[in-house]
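Remarks on the structure that follows.
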Amino acid sequence: MFLKNGISLTLFTSGKDSRGENANENSGFTLQKMGWLPGEKIYHFIRKSFDRLKSRQRTGNAAPTANYFSIIKSEDKIPPFGLHNSVNRINKWLHFLFVRLDNLLLIPYFLIFHRSKFAKAGLIVGYEVNYTFAAKALARIFSKPYINKFQGVIIKASERDISVCRKYYPLFYFGINKADLCLMVNDGTDGEYYARQRGCTNILFRPHGINVADYAFSEEEMTTTLSRLGVPEDKFIVFNNASGSNWKRADRCIRFLTHIPAHIRQHIMVITTYHADDLEMLKSYTADLGLTSQVIFIERANHKESNILIRGSHVVLMTNELSNLGNPVLEAIYYKVPVIATNDGSLDGFIESSKDGILLDLDANFDRRLAEEISRMYSEPAYYDGFRKQIMENNSVKTIEEQQAIEFSHIEAVSDFSKPA
């Protein structure tokens, strides 16, 4: 966004792009890696040591580990970032303190080695929660506008209980700090509420836009990719775009198939990109249910493959634990594919149940009702076509260019790039 508007950008990051997907060779872009930070390294060393110890204890136990997918039910909710107990509280605060140590080290580091860059900057942006403390401190030292930007907040799991935020999510709660402008992405995680709790008043709260140029595939490219990924042409495709996070709850996207009569089920195929550490356990559970022929696991599909899978599907099914308003649903709406999701409030304003999608309550009847909806969509073409017709009129999702234009206008209002220091 900055580069497109002719503004040079220096990015300081400790992050890694292991797949090399985000290379940028623009002459106005400078990347400064901060791999030397000790706090995160010490914390992760402690965590790995603790995990190895637990692993040895489990290995020494002769009792077999049960497949918990056969124990939990779809309506059971699993805390997405750990139970609210003393062990996790210590863990989260330990992580927070080590990250704050890195922040304290960053301030003199920047003042000594990169002072000129900050002095010439038109503004300073703190991205996500890890280094917003240092970013704001430097903005105030150099009298620069300070903007913070978040892709949503996991502290939705606290259900607006601020005492729970402070106890179990200190990094994510205190990492949101007061700024001249807060760019909070609406991803269904109630981010605006928490930003206001942290003192932000000038908040731009909007969802992601769709990078249409990145998804300008020809019909041949789409057909070739779907074939390469093993997507059958003669099935009713239910696609679940998941990730490596356990809280994506891909088991909910499989279990419902047991409630569909066999003569209908043979025409339905569920595809999921779930690849968390319990994937093999989920595959085993799928086999135990006798559903191996009805489920395709595609591990680590890139964003372009995922987009093609969305557009090549009959329905996108999302059953996440925390929020369902992620890029897969936004892309499904933009490319006019009906959506089925849990009725958790995250899709309010984007999907209207029984019109351009289905929102199901997460209760004891969830599996049965989901099975009924999928069965009817397959068996009654007129019923399914009604959703396709309605979602064609859904214009709630914009392109990335439209969203960035709105975002940049708010950034310009608090910054003056024409008068660098």
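The values are calculated or read from the model by the stated rules, or taken from the named source; none is laboratory data. Note that this is a predicted model, so its numbers are computed, not measured. With ideal geometry, Cβ positions are generated from the backbone for all residues, glycine too; neighbour counts draw on all protein chains shown. Areas reflect the complete protein model, heavy atoms only, side chains present, ligands, DNA and RNA absent. Shrake-Rupley method; radii C 1.70, N 1.55, O 1.52, S 1.80 Å.
So here's what we get for this one:
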read-out	value
Some residue of the stretch 337-345 being in contact with an Asp or Glu (Cβ under 9 Å, 6 or more places away or on another chain), at positive phi and open to solvent by 10 Å² or more (accessible area, probe 1.4 Å)	yes
Members of the stretch 163-202 that are in a loop (DSSP other than H, G, I, E, B) and in contact with a strand residue (DSSP E or B) (Cβ under 8 Å, 6 or more places away or on another chain)	ILE176, ASN177, ALA179, ASP180, ASN186, CYS200, ASN202
Output for the stretch 297-329, where each listed residue is of a type outside the set (A, V, I, L, M), open to solvent by less than 20 Å² (accessible area, probe 1.4 Å) and either assigned to a strand (DSSP E or B) or within 16 Å of MET269 (Cβ to Cβ) (or both)	SER313
Residue match in the stretch 39-55 (condition: in contact (Cβ under 8 Å) with a residue 24 or more places away in the chain, of a type in the set (Ser, Thr, Tyr), touching a Leu at 6+ places or on another chain (Cβ under 7 Å) and over 28 Å from CYS182 (Cα atoms))	yes
Candidate set from the stretch 265-284 (those that are buried (at least 16 other Cβ atoms within 10 Å of the Cβ) and over 25 Å from the mean Cα position of the chain (by Cα)); member that is farthest from ALA242 (Cα to Cα)	ARG265
Count of residues meeting criterion [part of a loop (DSSP other than H, G, I, E, B) and more than 18 Å from SER313 (Cα to Cα)] in the stretch 330-354	10
ILE296 vs. criteria under 20 Å from the mean Cα position of the chain (by Cα), of a type in the set (Val, Ile, Thr) and farther than 22 Å from ALA364 by Cα	no
Some residue of the stretch 125-148 being farther than 20 Å from LEU325 by Cβ and acidic (Asp, Glu)	no
Subset of the stretch 16-65 that is within 21 Å of LEU171 (Cα to Cα) and among the small types (Gly, Ala, Ser) - its residue that is modelled with the lowest pLDDT	GLY35
Tabulated pairs, the stretch 364-376, first in contact (Cβ under 8 Å) with a residue 60 or more places away in the chain, second open to solvent by 80 Å² or more (accessible area, probe 1.4 Å), C-beta under 6 angstrom, 6+ apart or interchain	ASP367/HIS259; ARG368/HIS259; ALA371/HIS259
Any chance LYS117 is in contact with a strand residue (DSSP E or B) (Cβ under 9 Å, 6 or more places away or on another chain) and of a type outside the set (A, V, I, L, M, F, W, C)	yes
Residue count, the stretch 240-264 (criterion: surrounded by fewer than 18 Cβ atoms within 10 Å (Cβ to Cβ), modelled with pLDDT of 95 or more and assigned to a loop (DSSP other than H, G, I, E, B))	1
Hits in the stretch 203-231 (condition: assigned to a helix (DSSP H, G or I), open to solvent by less than 60 Å² (accessible area, probe 1.4 Å) and closer than 28 Å to PHE297 by Cβ)	ASP214, TYR215, MET222, THR225, LEU226
Odd one out for PHE217 among (1) over 22 Å from the mean Cα position of the chain (by Cα); (2) under 24 Å from HIS410 (Cα atoms)	(2)
Residues of the stretch 285-296 classified as open to solvent by 10 Å² or more (accessible area, probe 1.4 Å), assigned to a helix (DSSP H, G or I) and touching a Ser or Thr at 6+ places or on another chain (Cβ under 7 Å), total	3
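Rundown of residues vs (1) of a type in the set (Phe, Trp, Tyr); (2) within 22 Å of the chain's Cα centre (by Cα), yes/no style:
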position: ILE333; (1), (2): no, yes
position: GLY349; (1), (2): no, yes
position: SER353; (1), (2): no, no
position: ASP363; (1), (2): no, no
position: ARG369; (1), (2): no, no
position: TYR384; (1), (2): yes, no
position: PHE387; (1), (2): yes, no
position: GLU393; (1), (2): no, no
position: SER409; (1), (2): no, no
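Per-residue answers, yes or no, for (1) under 24 Å from ILE7 (Cβ atoms); (2) surrounded by 19 or more Cβ atoms within 10 Å (Cβ to Cβ); (3) of a type in the set (Ser, Thr, Tyr):
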position	(1), (2), (3)
ILE124	yes, yes, no
LEU138	yes, yes, no
TYR146	yes, yes, yes
LYS156	no, yes, no
TYR173	no, yes, yes
CYS182	yes, yes, no
VAL185	yes, yes, no
